[in-house]
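Input: a single structure, listed below in structure tokens.
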Amino acid sequence: MVRKENTISVSCHYDSAFDLSVEAIKKIQGSSMSKEDRSSGIIEAKTGISFTSLGDVITIKLSKINDERTKVDVESCTAVSTVMFDYGKNQKNVDTIISFLKPYGTEALERAVMTASTGQGTAPTATPVIIKEREVLIRCSYCGSLNEQGLTACKSCGGNL
């Protein structure tokens, strides 16, 4: 079994961090939510079978540090325990979620406070803003499926894009 994990501390209330984590999972193509329990702070999602994977299980665990900070643990592992390699898919899942949450992390807060103390900006607000990015998809000329921009081979049929 291949397992990758990472942790980030975000500068927002627990409920906001939970909502951000749900949005982050939606950034992983082919993922579907299988468990969403706000009271216990657990979010689980699964990805289906693809050209490079037999599926993954993504788990996010949130824990309240204080009123303004929340710890987010992200884990991604192969859905099939006998799989010994994943072509970097689980690391990509973890990196996608951490990258989405990074603007709300400790480093972002420290940078904003430092900028405010030097008079070159304003202090950070406690309420995060979710920015939806526009995703460009490329249609495969062989099978017609939609693929993320930047791929060189179709994730459905393996044909050149």
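The values are calculated or read from the model by the stated rules, or taken from the named source; none is laboratory data. The structure presented is a predicted model; accordingly, all values stated were derived computationally and were not measured. Cβ: placed from backbone, ideal geometry, glycine included. Neighbour counts: every protein chain shown. Note: areas computed on protein heavy atoms with side chains; ligands, DNA, RNA excluded. Shrake-Rupley method; radii C 1.70, N 1.55, O 1.52, S 1.80 Å.
Some points to look at:
- Cross-link partners of LYS155 among lysines (Cα-Cα below 30 Å; sequence separation of 8 or more within a chain): LYS4, LYS26, LYS27, LYS35, LYS46, LYS61, LYS89, LYS92, LYS102, LYS132
- Counted charge near THR59, where neighbours are those whose Cβ lies closer than 13 Å (Asp, Glu -1; Lys, Arg +1): -2
- P(r) tail fraction, the range 34-79 - alpha-carbon pairs more than 16 Å apart, %: 46
- Here the accessible area of the range 1-99 is 51 percent carbon and sulfur, with a 1.4 angstrom probe and all protein chains present.
- Legend: calculated FRET efficiency, ARG3 to THR152, from the Cβ-Cβ distance at R0 = 22 Å, rounded to 0.05, equals 0.20.
- Applying the criteria of a DSSP loop state and at most 10 other Cβ atoms within 10 Å to the chymotrypsin sites (Phe, Trp or Tyr not before Pro) of the range 1-108 yields PHE85.
- Of the GluC sites (Glu not before Pro) found in the range 11-70, the ones in coil according to DSSP and having at most 16 other Cβ atoms within 10 Å of their Cβ are GLU68.
- Here the contact order of the range 35-84, divided by its residue count and restricted to Cα pairs under 8 Å and six or more residues apart, works out to 29 percent.
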